Amino acid sequence: TPSLYVVATPLGNLQDLSPRAAQVLGEVGAIAAEDTRHTQRLLDAQGLRKRLIAVHEHNEQAAAEQVLAVLAGGASVALVSDAGTPAISDPGARAVARVRAAGYAVLAVPGPCAAVAALSVAGFLPGGFRFVGFLPPREAARRARLEMLREDGDNLVFYEAPHRVVECLADLAAVFGSERRVLIARELTKLHEQSAVLALGEAVAWLEADANRRRGEFVLVVEGAPATEPMNAEAERVLALLLAELP
Ligand code: SAM
């Protein structure tokens, strides 16, 4: 039966395209892609020729109708973005919702995702994590957003562009305090992959020490807020006395 396959593609290293992803891309009737030229290069590397449907922020509804037309004709469609997992800080969610509403199956072909890759190399205690994605570009809005996240005990995952990474880390230190740890990961799976765990107070100096450290695509993971202060000894003594009185 015709279905929509949501296919994760490599973040950089083409070897990360899963065998199943390659098979699905080879079998579908059309591929809905964020940037058709970018996806064409991936297909060229696989020796594939496919009809491409452009799906970007500004035409998702119209693109979804084209996807539905292919499905109605009896062929499956794959949805991809430029890198990583579609619909994660990328277009795709509206098209997926439209296809679901029309009653077709939507199937995951999971794989690379920069947020998950960064979390996996951070070494921070696994609890929950919160995917924040891109922060607002303007400082006031960015700080306001960060203030809302300050007490969160979950690890926080941010995407950032190279031209804003220094100011972003300065704001992270200002809001979360200089002691909190951050993972700075750049160019994951690529030739110049690098990642470091630092105290937020050291992060700007680390970036400024070497221009190469400010190049490429970044994921920042800030460790969650420490649990609230444990009870002090006196409070524990009083609580024990009170509990002893309970029936
Ligand atoms: N959908 C993608 C995913 O699953 O990760 C994310 C798309 S979003 C438009 C692009 C952002 O993801 C970049 O600005 C960067 O923050 C992050 N990113 C993508 N590839 C990366 C890589 N190889 N290394 C580090 N960050 C990356």
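The values are calculated or read from the model by the stated rules, or taken from the named source; none is laboratory data. Keep in mind that this is a model prediction, so the values were computed, not measured. Every residue, glycine as well, gets a Cβ built from its backbone with ideal geometry; the counts of neighbours run over all protein chains shown.
Just a few scattered comments:
- Test result for residue 125, aliphatic (A, V, I, L, M), under 19 Å from residue 219 (Cβ atoms) and buried (at least 19 other Cβ atoms within 10 Å of the Cβ): no
- Residue 51 vs. criteria touching a Leu at 6+ places or on another chain (Cβ under 8 Å) and either in contact (Cβ under 8 Å) with a residue 12 or more places away in the chain or under 26 Å from residue 167 (Cβ atoms) (or both): no
- If you go through segment 4-17 and pick out every residue that is of a type in the set (S, T, N, Q) and buried (at least 17 other Cβ atoms within 10 Å of the Cβ), you end up with 1.
- Residue check, residue 44 within 17 Å of residue 89 (Cα to Cα) and among the acidic types (Asp, Glu): no
- All conditions in (1) part of a loop (DSSP other than H, G, I, E, B); (2) surrounded by fewer than 18 Cβ atoms within 10 Å (Cβ to Cβ); (3) within 12 Å of the ligand (Cβ to nearest atom) hold for residue 112, with the sole exception of (2).
- Subset of segment 95-109 [of a type outside the set (Gly, Ala, Ser) and either under 17 Å from the mean Cα position of the chain (by Cα) or more than 18 Å from residue 30 (Cα to Cα) (or both)]: 109
- Residue in segment 127-136 that is more than 22 Å from residue 214 (Cβ to Cβ), of a type outside the set (Ser, Thr, Tyr), at pLDDT below 95 and within 19 Å of the chain's Cα centre (by Cα) present: yes
- The condition of being among the acidic types (Asp, Glu) and touching a residue at least 60 places away in the same chain (Cβ under 8 Å) holds for only one of 202, 167, 208, 187, that being 187.
- Residue selected from segment 199-247 under the condition in contact with a Leu (Cβ under 8 Å, 6 or more places away or on another chain) and over 19 Å from residue 132 (Cβ atoms), by the criterion surrounded by the fewest Cβ atoms within 10 Å (Cβ to Cβ): 231
Condition check ((1) surrounded by 16 or more Cβ atoms within 10 Å (Cβ to Cβ); (2) farther than 18 Å from residue 4 by Cβ; (3) among the aromatic types (Phe, Trp, Tyr)) across all residues:
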{"position": "20", "(1), (2), (3)": "no, no, no"}
{"position": "26", "(1), (2), (3)": "no, no, no"}
{"position": "34", "(1), (2), (3)": "yes, no, no"}
{"position": "40", "(1), (2), (3)": "yes, yes, no"}
{"position": "47", "(1), (2), (3)": "no, yes, no"}
{"position": "52", "(1), (2), (3)": "yes, no, no"}
{"position": "57", "(1), (2), (3)": "no, yes, no"}
{"position": "60", "(1), (2), (3)": "yes, no, no"}
{"position": "69", "(1), (2), (3)": "no, no, no"}
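- Within segment 199-231, considering residues that are more than 16 Å from the ligand (Cβ to nearest atom), modelled with pLDDT of 95 or more and not small (Gly, Ala, Ser), the one farthest from residue 11 (Cα to Cα): 202
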